[in-house]
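Take a look at the structure below.
The values are calculated or read from the model by the stated rules, or taken from the named source; none is laboratory data. Remember, predicted model here, so these are calculated numbers, not experimental data. Glycine also receives a Cβ, built like all others from the backbone with ideal geometry; neighbour counts cover every protein chain displayed. We work out accessible area using only protein heavy atoms, side chains counted, and drop any ligands, DNA or RNA first. Shrake-Rupley method; radii C 1.70, N 1.55, O 1.52, S 1.80 Å.
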Amino acid sequence: MSCCCPHSRSAGRLFSFFARRYRRRFERRGFEPSQRLLLQGLEQAGYQGASLLEIGSGVGHLHQTLLEQGASQAIGIDLAPRMIEEAERWASDRGLAERTRYIEGDFMTMDLSVDQVDVTLLDKVICCYPDVDGMVHETLAKTRKVYALIYPRDRWYTRAGVRMGSLMMRLIGSEFRPYVHDPVQVDGWIKEAGFRRIYAANTFIWQAHVYVKDETET
């Protein structure tokens, strides 16, 4: 299903433009530092035999790697049509086509029934959404065991970078805007949903957090 709002449509066009470059960059350099940190947290949480849901799945390298390392199946949802095309092509190249399902659209607006999964992944996703409250709570509702995300640190330089990015988007006529959301608020929402944080690590810009469902809540 296609995106319906101007922000989502603009984001889909923007990230589609970079889809092939994303795949080539990963093939040359592998995971970014923040993604390597997230993988360390996921190792601690455990994902063997797990079902995965990745929002903003891009070209698929994160969840496809987890599938190769022991996860069972994955659903990838992305705004950008070309990201979905690259992910499907890459899944086929890696022999993962039967264990992956890809959906084009905005998770927050699509009329889509997605069952709960064991692990939900949001790699640099909530910084692309104005409605962080809705995004966090809707994705938590789909998560049985592990909730893992990367998003910007709330620092003066990240806020300055976001302001510059927003200005650039405005100058090129795009409705897309990046955001720095309050990490304390995000952490609180996740914990209120019955998760506890087991891993936290930072790069200069990004923070990688992994939460597990509290056994007393299951």
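For the stretch 62-108, which positions are free of Cβ contacts under 8 Å to residues at least 60 places away in the same chain, open to solvent by 20 Å² or more (accessible area, probe 1.4 Å), of a type outside the set (D, E, K, R) and part of a helix (DSSP H, G or I)?
Ser92, Ala97, listed by residue number.
How many of the residues making up the stretch 188-208 are within 16 Å of the chain's Cα centre (by Cα) and either open to solvent by less than 50 Å² (accessible area, probe 1.4 Å) or within 17 Å of Pro130 (Cβ to Cβ) (or both)?
3
Being farther than 17 Å from Leu38 by Cβ, part of a helix (DSSP H, G or I) and touching a residue at least 12 places away in the same chain (Cβ under 8 Å) narrows it down to one of Arg163, Arg159, Arg170, so name that one.
Arg159
In the stretch 19-38, is there at least one residue being farther than 21 Å from His209 by Cα and crowded, with 22+ Cβ neighbours inside 10 Å?
No - not one qualifying residue is present in the stretch 19-38.
Exactly one condition in (1) under 18 Å from Arg21 (Cα atoms); (2) open to solvent by 60 Å² or more (accessible area, probe 1.4 Å) is not met by Asp115; state its number.
Every listed condition holds for Asp115 apart from (1).
Taking the residues in the stretch 172-187 that are surrounded by 14 or more Cβ atoms within 10 Å (Cβ to Cβ) and either of a type in the set (Gly, Ala, Ser) or more than 17 Å from Val136 (Cα to Cα) (or both) as candidates, determine which candidate is modelled with the highest pLDDT.
Taking the candidates together, the pick is Arg177.
Cβ-Cβ distance below 9 Å, separation of 6 or more or different chains: which pairs start in the stretch 131-148 with a residue that is assigned to a loop (DSSP other than H, G, I, E, B) and end on one that is open to solvent by 70 Å² or more (accessible area, probe 1.4 Å)?
Ala141/Gln116; Lys142/Asp115; Lys142/Gln116
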